[in-house]
1. Assuming a ≥ b ≥ c are the square roots of the Cα gyration tensor eigenvalues, decide whether the range 84-197 counts as rounded (a/c under 1.5), prolate (otherwise, with a/b larger than b/c) or oblate.
2. Note down the magnitude of the dipole of the chain about its Cα centre, charges +1 on Lys and Arg C-beta and -1 on Asp and Glu C-beta and zero elsewhere, to the nearest 20 debye.
3. So how far, in whole Å, is the C-alpha centre of the range 1-34 from the one of the range 272-287?
4. Tell me the carbon and sulfur percent of the accessible area for the range 1-130, rounded to whole percent, probe radius 1.4 Å.
5. So how much accessible area does MET46 have, in Å² to the nearest 10, using a 1.4 Å probe?
6. Over the range 187-269, what is the percentage of antiparallel beta bridges among all DSSP beta bridges, to the nearest 5?
7. Using a Gaussian network model of the chain with C-alpha springs under 10 Å, which one of SER134, SER191, SER252 is most mobile by mean-square fluctuation?
8. With just the Cα atoms defining each centre, how far is the range 140-214 from the range 77-134? Give it in Å.
Amino acid sequence: MILNGKKIADQIALDLKEKISKHEKKPNLSVVLVGKNSSSLIYIRMKKKACEKVGIDFNLYHFNDEEKENVILKKIDRLNQDDNVNGILIQMPLPKQISSKKAIQRIDPNKDVDGFHPINAGKMLLGDETGFISCTALGIKTLLLKSNIKIESKHVVILGRSNIVGKPLAAILMQKKPHANATVTVCHSYSKNLKEITRSADILVAAIGKPRFVTADMIKENTVVIDVGINHIKMPDGTTKVLGDVDFENVSKIASKITAVPKGVGPMTVVSLLKNTYKSFCKKNEK
Ligand code: NAP
């Protein structure tokens, strides 16, 4: 069975649209983009479209590749001070002259809807729900819950330990809380006997950025497989194809449930960004 992230995300977006329409003011997401990375431009377009669909104002601040770090930091300061801005997102990657660590730490944690600021990362680890959870991790958890996949007591194996996917997902699924309580194993490029570990997974999440890395012999029957990978591959005919980290054709014959790429985790990530922006908006209006 294919887990249709797009369908679930569309439903969440509809609910959000309805909630947002009841407010006099609109939430605002402000995005800082530096340079012209082609993937970044695609992601920004998707985020803008998604915001417009639910009634979130979207502002893009686009700087050229050469922009100095202090100009970007000052822009973040101004967005922090702007009462109309609920969410701030710095589109990664940033060019070399700008420290992504400095940029992320400069964002007001109350507006850090990507959940990358150390305060939000810390809150997430502690299970404090007043912060923001990284959008992909939140999206995957929501996808599992909305698909009625039990997480509690399951062995979740995550391939990849990045700060934006693997680590936050591990942190939220292992919490001592309802809809969590999983036993989590996180693998990375130094892990040994990968196949042995992945074959013991009830839920396998692949987030490593290697096309078709997870093959059918790496999973046991009835595993739920979540493919996070987005790999742009140039085909012999010159076109570009987007492939996941899972060999979908063969793994889908064994897995009980599996996400496809596209229309799997990607739309869940985007809708989680909208949810976080709305959460920030509501928190501000409660004050
Ligand atoms: P990343 O920062 O490059 O991290 C990749 C992780 O995979 C690292 O922890 C690395 O280990 C591990 N890894 C690499 N080769 C491995 C191997 N052979 N065996 C085991 N582990 C291995 O990547 P990311 O940002 O997390 O993204 C991962 C993929 O997800 C990419 O394709 C990205 O485009 C995609 N993505 C999709 C979404 C979405 O919404 N669908 C969101 C974010 C990312 P080390 O730590 O040891 O180097």
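The values are calculated or read from the model by the stated rules, or taken from the named source; none is laboratory data. Source: prediction; values computed, not measured. All Cβ positions, glycine included, derive from the backbone under ideal geometry; neighbour counts span all protein chains shown. Accessible surface areas use protein heavy atoms only, side chains included; no ligands, DNA or RNA. Shrake-Rupley method; radii C 1.70, N 1.55, O 1.52, S 1.80 Å.
1. Taking the square roots of the gyration eigenvalues as a ≥ b ≥ c, the range 84-197 is oblate.
2. Magnitude of the dipole: close to 160 debye.
3. Using only Cα atoms to place each centre, the spacing works out to 12 Å.
4. Details: 3840 of 7350 Å².
On the range 1-130, the fraction of accessible area on carbon and sulfur atoms equals 52 percent.
5. 90
6. 35
7. Comparing SER134, SER191, SER252 in a Gaussian network model of the chain, the most mobile one is SER191.
8. Answer, in whole Å: 24.
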